[in-house]
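Okay, structure first, notes after.
Every read-out reported here was derived from the displayed coordinates using simple, explicitly stated rules and does not represent laboratory data. Note that the coordinates shown come from a computational prediction; the quantities given were computed from them, not determined experimentally. So basically every Cβ, Gly included, is an ideal-geometry build from the backbone, and we count neighbours across all protein chains shown.
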Amino acid sequence: MSDKLGFEELRAKYKDVLSKAFATNNIDLLDSFSKNANETDRKAAMDQAYRDKLLDLLVEEPDTLEAFVCFCIESCRRQMVTPTMPVVLLGDIFDALTLNKCEKMFSYVENGVNIWKEELFFIACKNNLLRMCNDLLRRLSRSQNTVFCGRILLFLAKFFPFSERSGLNIVSEFNLENITEFGGDNSSTLKDALDEEMVVEDDKSKLMIDYNLYCRFWSLQDFFRNPNTFELQKSKLNRLKAVSADIEMQESSKEQHYFAKFLTNQKLLELQLSDSNFRRCVLIQFLILFQYLTSTSEWVKETSALIYRLLGETPPHGKRFAECAKSILKREEHWNSWKNDGCPARSGVTMISPSQLDAISSALADWKKLAVKLGYKPDEIQFFETENATDALRAKNMVQLWFDDDEDASVENLLYVLEGLKMMDVAEAVRAAQ
């Protein structure tokens, strides 16, 4: 009977049946009804029926919308709709919802990353998912929605394999649009204001900021955003080095603030140079730049050593922060080598050796903390706890399962996670067992 129906009639009938099936959570009802039409007509009409039904559900809470997408995923697995349909529905949902609701709804996308990586969905959905995420990013403000932007980028990094060409900066382009504007026009108003302030403030304990230092300092951002133009020599940084060494640093308050762009008002520079967080940001920029300038002379090594010393003297926990920065940049060298080799696909998981498993199981005191960081859910952690008699066995089996199931698992990544959790003794034990 359905073979005789036109597309619009079939679409209307499917919507009615879909409404009943979704209301009663009865996927079999929808499956049995849809078999009356040939596959091509069925999928086209059913796809549209899902989008029509979604329009009625957009006023509902995110939980209902998530359940509807789950219902669509099950329909895909039963060959009732095209594999792209769940992501198409998610795109429609994000287009219609406010940003606050989009942020809540995106948790479903993040938690379902293993679904999107299934063979049925990955090839069909990857372009739609990328487009959906880019559309969201275009709606978001990097300064007001920083965390949400980061979540989207992290999801894409986890969803796509390392060798995915669309996610790689193959030709090493720099973000030249990241321009830091400051009052460097040598205008008499700015120059006179700064110089006049410095004449009045003739206090030995007060940092002297003149117009030249102000312009010299903020012009560094042009080199940071485009290292290919970096031609500073040692003599050009002598003044900045002297300033860095003479400043009396103020430890930042416990409350942390984030700014997407530097504040370049000329009256703020004195306070900024005395602020430990600001100093760290700029010093880290130098280290990243120097790592790029690998072919430069001995001057880079000398200046890098000076910067690490300044970081070690910057409160709070300066020496620990400097060591973390050094470790992160050392790790970055591996990614640089991988990229210079043409970004080859990963050949397989670097398995952990039995001796390393024994080392981590005996040295790891808080295995639950590591389990949470590796992505295990509370019920999975409870499973490890009930199935194993001791904490050592729980830690050993948990890490072994991570290596078996997670394609991103490697000894290097495990060490990175342990260092991030400040479990330095455990990381050293794993290294020693290699």
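What distance in nm separates the simple spin-label points at K301 and N212, each placed 7 Å from Cα in the Cβ direction?
Going by the 7 Å Cα→Cβ label model, 3.2 nm.
Mind checking the full-extension length gain between N277 and T390? Use 0.36 nm per residue of separation minus the Cα-Cα distance, one decimal, nm.
Separation in residues times 0.36 nm, less the Cα-Cα distance, equals 36.4 nm.
If the chain between Q79 and R131 were fully stretched, how many nm would it gain, using 0.36 nm times the residue separation less the Cα-Cα distance?
That pair, Q79 and R131, stretches by 16.3 nm at full extension.
Tell me the label-point distance for the pair N265, D425, using the 7 Å Cα-to-Cβ offset, in nm and rounded to one decimal.
4.9
So if we plug the beta-carbon distance of E164 and R331 into 1/(1 + (r/R0)^6) with R0 = 22 Å, what FRET efficiency do we get, rounded to 0.05?
About 0.60, to the nearest 0.05.
In region 354-432, with Lys and Arg counted as +1 and Asp and Glu as -1 at Cβ, which of these residues, A395, A363, L415, has the Cα nearest the positive end of the dipole, that is, farthest along it?
It is A363.
Measuring from label point to label point, each 7 Å out along Cα→Cβ, what is the W338 to T24 span in nm?
5.1
Among 62-71, 19-28, what's the highest-first ranking by average C-beta atoms within 10 angstrom per residue?
Ranking, from highest mean packing down: 62-71, 19-28.
Calculate the dipole size of region 91-161 relative to its Cα centre from +1 charges on Lys and Arg beta carbons and -1 charges on Asp and Glu beta carbons; express the result in debye to the nearest 20.
260
Calculated FRET efficiency, D52 and E181, Cβ-Cβ r, R0 60 Å, to nearest 0.05?
Plugging the Cβ-Cβ distance into 1/(1 + (r/R0)^6) gives 0.75.
Rg to Rh ratio, region 278-338, alpha-carbon atoms and Kirkwood radius?
We get a ratio of 0.97 for region 278-338.
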